[in-house]
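First comes the structure, then the notes that go with it.
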Amino acid sequence: MPWATRGLRVVTTGYPHTPDDYGGSFRAAVSPLPGARWEPDMAQVCPTGAITEHDGVPRLDHGRCIVCGRCVRRFPRAFRSDAAVETAALLRDALVVPPLRETDEALARVRAALARRVRRLRRSVHIRHVDAGSDGTEEWEIAALLNPVYDVHRLGIFFTASPRHADILLVTGAGSAGMLRPLRITVEATAAPFVVVACGTDAISGGLLGRGYATRGGVSEELAVDVWIPGSPPSPFSILHGLLLALGRFPKGGPA
Ligand code: SF4
């Protein structure tokens with residue numbers, strides 16, 4: 001009965017030590033194609049203002065992109081959808097493509113400072129997830145980290161209900177007005193050293209909601225973000241990438 005044994009078999013991903021076939025199947029980002037030239041309509045087609053012009057070429061901010069695909073459909077010779085796993089970044093500017101000029105230097109500084117801070121968090125870490133006005137999509141992907149496929153516990157990463165026990169604050173949502181105070185209280189209650197991860201385009205920039213009377217346009221004004229995970233929502237692989245990036249835990253020669 002091979003079908004029965006196949007159905008009962010649970011294949012836990014080997015990521016980040018070994019890549020998975022389905023890891024790159026998530027539509028994770030949209031990028032300008034090499035040689036693409038700027039057209040005035042490009043800015044209008046994007047509902048979140050992610051596309052801007054720079055020196056006659058389109059520049060795309062993954063921190064604003066909700067991966068709706070409108071630019072790819074309207075300008076197929078200028079933009080493409082990327083299936084990717086490693087989409088998180090240590091620097092907000094690193095989410096912009098083509099990259100901003102000073103990103104490499106700034107990235108090295110940030111990476112070194114973060115490595116010093118997380119030195120003591122290498123073995124077993126606990127995450128406190130804070131929903132600061134999410135639409136719920138990121139929560140589905142975060143919950144998937146606990147299933148047998150991603151099994152985040154195998155990496156020594158656990159979730160906790162209390163910020164007192166947390167090493168990582170994983171923040172989702174556009175920064176809704178009602179959640180700003182609870183977010184501040186959570187930050188104050190978390191013992192140093194801890195790392196802040198903004199999970200999803202909404203947490204980075206407010207996404208489709210942007211900034212308004214009810215939302216802050218992301219959470220970075222309320223707390224110092226260490227790792228940025230774009231996507232609307234990011235896949236469980238991308239969230240894993242962000243968490244491991246925060247902890248400096250990518251194995252040498254691994255997919256990252
Ligand atoms: S995919 Fe959508 S949100 Fe992203 S840059 Fe294109 S139009 Fe803007």
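The values are calculated or read from the model by the stated rules, or taken from the named source; none is laboratory data. Quick caveat: nothing in here was measured; it's all calculated off a predicted structure. Heavy atoms of the whole protein, side chains included, go into the accessibility calculation; ligands, DNA and RNA do not. Shrake-Rupley method; radii C 1.70, N 1.55, O 1.52, S 1.80 Å.
Quick notes
- Most mobile listed residue (Ala191, Ala174, Ala144) in the chain, GNM with C-alpha springs under 10 Å: Ala191
- Probing with 1.4 Å while keeping every protein chain in the model, the per residue accessible area of region 104-246 equals 44 Å².
- A prolate overall shape is assigned to region 57-112, the ratio a/c of its alpha-carbon gyration tensor axes (a ≥ b ≥ c) being 1.5 or greater and a/b exceeding b/c.
- Percent RCO, i.e. relative contact order, over region 72-158, from Cα pairs under 8 Å lying at least 6 residues apart: 20
- Sequentially through region 142-148, phi angles give Karplus couplings (6.51, -1.76, 1.60; θ = phi - 60°) of 5, 4, 5, 4, 8, 7, x Hz, Gly and Pro residues having no value and appearing as x.
- Short-range pairs are left out: with C-alpha atoms under 8 Å and at least six residues apart, the relative contact order of the chain is 24 percent.
- Tail fraction, Cα-Cα pairs, region 12-75, threshold 13 Å, whole percent: 66
- For Ala28, distant residues with modelled amide H under 5 Å away: Asp82, Ala83, Ala84
- D (Stokes-Einstein, µm²/s), Kirkwood Cα radius, region 98-176, 0.692 mPa s at 37 °C: 222
- Long-range amide H partners of Gly206 with built H, under 5 Å: Gly218
- Helix-only CD estimate at 222 nm, as mean residue ellipticity for the chain, using -39500 (n - 2.57) per DSSP H run (n ≥ 4): -7500 deg cm²/dmol
- Average projected area [Cα convex hull, region 104-246], square nanometres: 8.2
- The orientation-averaged shadow of the Cα convex hull for the chain, equal to a quarter of the hull surface, comes to 15.5 nm².
- Average projection area in nm² (convex hull over Cα atoms of region 50-183, one quarter of hull surface): 10.9
- Mean separation of Cα contacts under 8 Å (6+ apart) over length of region 104-246, as relative contact order %: 25
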